[in-house]
Amino acid sequence: MREKAKRPRLPLAMGLALLAAAGIWAVSRNFADGTRGIPGGTNQQRIEYIESFGWDPGLTHCELQEIRIPVEFDDAYEVYNRLQREQGFDLRRYRAHSVKKYTYEISRTDDDPVPLYANLLVEDGVIIGADVTSAEAGSLCAALSAGQP
């Protein structure tokens with residue numbers, strides 16, 4: 001009687017290890033910098049993101065713009081991007097990209113004296129930048145919101 005030849009288990013183990021490594025790479029690629037994994041492709045995803053900070057964004061955005069992140073950042077954009085980096089975003093990797101800017105009028109209560117706006121920068125269904133701006137003229141964020149970023 002012939003003994004059944006034992007097949008080495010090494011190829012199976014290597015295959016499973018490679019599969020696991022590919023899965024880890026895919027996840028880490030999307031979440032490595034903390035920004036690539038914030039879904040923002042749908043209105044509901046953007047609303048949930050804003051609500052996660054305690055703001056009420058209403059039912060939908062009040063404005064949608066297509067903007068282009070500049071290749072070279074002027075002083076105002078450097079300040080703006082410094083604020084973005086403090087939040088875990090970094091617009092430097094999106095230089096020369098066209099992205100969508102969704103603006104939502106937000107509030108914490110119905111009697112907020114000054115309107116506030118949440119601006120979400122979205123590329124390929126992912127939130128890549130966010131800020132809250134005041135409607136009051138003269139503030140840096142209001143100036144940036146008015147057309148620069």
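Can you tell me which of GLY34, GLY23, GLY15 is surrounded by 10 or more Cβ atoms within 10 Å (Cβ to Cβ), modelled with pLDDT under 60 and within 24 Å of TYR117 (Cβ to Cβ)? It would help to see each step written out before you state the result.
Working: GLY23 fails: within 24 Å of TYR117 (Cβ to Cβ); GLY15 fails: within 24 Å of TYR117 (Cβ to Cβ).
Result of the check over GLY34, GLY23, GLY15: GLY34.
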Being among the hydroxyl-bearing types (Ser, Thr, Tyr), within 13 Å of the chain's Cα centre (by Cα) and either open to solvent by 10 Å² or more (accessible area, probe 1.4 Å) or modelled with pLDDT under 95 (or both) is the filter here, so list the residues in the stretch 85-110 that pass it.
TYR102
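Quick check on PRO113: is it more than 19 Å from GLY41 (Cβ to Cβ), in contact (Cβ under 8 Å) with a residue 12 or more places away in the chain and open to solvent by 20 Å² or more (accessible area, probe 1.4 Å)?
So PRO113 does not fit the description; no.
Taking ALA76 as the residue in question, decide whether it is of a type in the set (Gly, Ala, Ser) and either open to solvent by less than 20 Å² (accessible area, probe 1.4 Å) or in contact with a His (Cβ under 7 Å, 6 or more places away or on another chain) (or both).
Numbers: of a type in the set (Gly, Ala, Ser): yes; either open to solvent by less than 20 Å² (accessible area, probe 1.4 Å) or in contact with a His (Cβ under 7 Å, 6 or more places away or on another chain) (or both): no.
Spelling it out, it is not the case that ALA76 is of a type in the set (Gly, Ala, Ser) and either open to solvent by less than 20 Å² (accessible area, probe 1.4 Å) or in contact with a His (Cβ under 7 Å, 6 or more places away or on another chain) (or both).
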Considering only the stretch 44-59, I want to know if a residue exists there that is at pLDDT below 50, under 30 Å from LEU116 (Cα atoms), of a type in the set (Phe, Trp, Tyr) and within 17 Å of the chain's Cα centre (by Cα).
no
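Would you mind stating whether ARG82 is more than 15 Å from ALA130 (Cβ to Cβ) and open to solvent by 50 Å² or more (accessible area, probe 1.4 Å)?
Values: more than 15 Å from ALA130 (Cβ to Cβ): no; open to solvent by 50 Å² or more (accessible area, probe 1.4 Å): yes.
So ARG82 does not fit the description; no.
The values are calculated or read from the model by the stated rules, or taken from the named source; none is laboratory data. Being a predicted model, the structure only gives us computed values, none of them experimental. Positions of Cβ are backbone-derived with ideal geometry, glycine not excepted, and every protein chain shown enters the neighbour counts. Heavy atoms of the whole protein, side chains included, go into the accessibility calculation; ligands, DNA and RNA do not. Shrake-Rupley method; radii C 1.70, N 1.55, O 1.52, S 1.80 Å.
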